[in-house]
Structure formats: C-alpha cells, structure tokens
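A short write-up of the structure that comes next.
The values are calculated or read from the model by the stated rules, or taken from the named source; none is laboratory data. Keep in mind that this is a model prediction, so the values were computed, not measured. A quick note on method: Cβ atoms are made from the backbone with ideal geometry, for glycine too, and the neighbour counts reach across all protein chains shown. All accessible areas refer to the heavy atoms of the entire protein, side chains included, with ligands and DNA or RNA removed. Shrake-Rupley method; radii C 1.70, N 1.55, O 1.52, S 1.80 Å.
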Amino acid sequence: MRKFLTIVIPFLLLTACVSFPVVVDRDQFKGETIVTADMWHTVVDSGIDNLRALYRKEIKNGAASDPTVTFVFVAVIDPYYYNYNDESLKPEAYVVVDDTTFKVNLIETKKLAQRRESVTYDYITVAPRFYYYQRYPYYHYPYYGYSYYPYYYPYSPSVVIRPESRRILTAKLRLTPEIQSAIVNATKYMIRFYVGDNPLTLEATPKQLASVKKFLLAGAGENQAQ
C-alpha cells in the first residue's frame, strides 16, 4: 500500500500542477497579434492518443479572426489487438457544448506514416504434454494408446522484435461565433471525430475548459473579421 501511494501521490500532484497558459504574441512589424493556447484533451472512447490541441487566432487592424484548433493524434496498427486499421479521419466533426451539438466541416485532415521498431517479451510457460503414440510389437499387431508419463517441452524466455507501424493523424477545425459564445458559458466541452466508422471523442478537463474560455476572451473587444 505504501509503495502504491508513493507512486500515485506524486503523479496526482504533478497532474494538479499542469497548466495551459494562453500566450499573446504581438508582432509590431506585421501589426498583428497571435493568441494561442497549447494543450491536449482526454480521449474518452478510443485507443488513439491525442498528443496536441493547438488553439490559435489572429487579431489585426482591430479585427479578430475565427479561432482554429489543430489536433494531432497518434495511432498504432497492431496485428494482435484491433485498435486502428489505417483508417482516415472523416471530413466532419461534432462539437458538443453542454447539451448543444454543432456539426462542423474540418478545414483539413492529414495522415502521415511513421514506422519504428518495438520490442515485445514473450514468455512461454512450461506445460506437460501427453504423447499419443503407435507401437508395433514383434507380432506386428499395432497398439495405440497414451503414455502414462507426460512429456515436458521447456522453453526459455524469448525476445521478439517486430516492426510497429504508426500513423500521425491531424485535423483542423474552425470555431464559429456560435460555438465560441456557447463555450464561454459552458461547463462541458467535447469534440467527436470519426476515424473510419469508429468514434474518437475528446473531452476537455475543467482546467483546459477554463484555458479555452480565457483564450476566446482574449481580444474580445475587437470586432471579428468577416
């Protein structure tokens, strides 16, 4: 129990300290301001991992553009356990804010191949086997039966090195003014993608949702670009 607490408590403390700052970068040469919030979201119903969710918007000449969000996922093609079978992201997504669902068309999607070597340790258990034999005595009368003594086939632990294929999936969507207004007052924020016919749902944690709200409100006094 003590060992378990030694591992879990530092992890919880580290998680509690994670923050998702909103960065405002003013470029005086271009006369524009770039506002970003870099984070990830929790995957609810898939073995595909979300590595990044980058929120970005531009403010120029007193006008703020609609924010975009770029998502980066990593998927492993595993022949022994079905998780992902090289499908692509569907061109539409669904943004769920509290009890309201917004259907959006993705601006772009990409699928990039990545390959690496992984090491898998396979340990084969020693188990008794009963040998079925056929014996011919001197008089050539065949006799069939099972031996009374098990034959053991011991195997040493083996290391199997096999190639593992991965795909980097990216998706980019635009947050419309209606979605922005809903998120600012929301208590729940989720995004549903489809990889082939399989759902891939992301959910923002309370800290992430607070950061997204802060991001949307940055430059809120500006008029939005048409």
>> Could you check segment 180-215 and list, in sequence order, the residues that are under 23 Å from the mean Cα position of the chain (by Cα) and assigned to a loop (DSSP other than H, G, I, E, B)?
In response: T187, K188, G196, D197, A204, T205
> Are any of the residues in segment 122-142 of a type in the set (G, A, S), in contact with a strand residue (DSSP E or B) (Cβ under 9 Å, 6 or more places away or on another chain) and modelled with pLDDT of 65 or more?
Replying inline: no
> Which of the following residues is more than 16 Å from the chain's Cα centre (by Cα), part of a loop (DSSP other than H, G, I, E, B) and of a type outside the set (V, I, T): D66, D86, D45?
Replying inline: D66
> Can K57 be described as farther than 22 Å from D197 by Cα and outside any strand (DSSP E or B)?
Replying inline: no
> In segment 165-179, which residue that is aliphatic (A, V, I, L, M) and assigned to a strand (DSSP E or B) is nearest to Y55 (Cα to Cα)?
Replying inline: L173
> Given A225, A204, A182, which one is open to solvent by less than 90 Å² (accessible area, probe 1.4 Å), in contact with an Asp or Glu (Cβ under 9 Å, 6 or more places away or on another chain) and modelled with pLDDT of 90 or more?
Replying inline: A182
> Within segment 1-26, can you find the residues that are open to solvent by less than 80 Å² (accessible area, probe 1.4 Å), modelled with pLDDT under 90 and over 26 Å from R166 (Cβ atoms)?
Replying inline: L5, V8, P10, A16
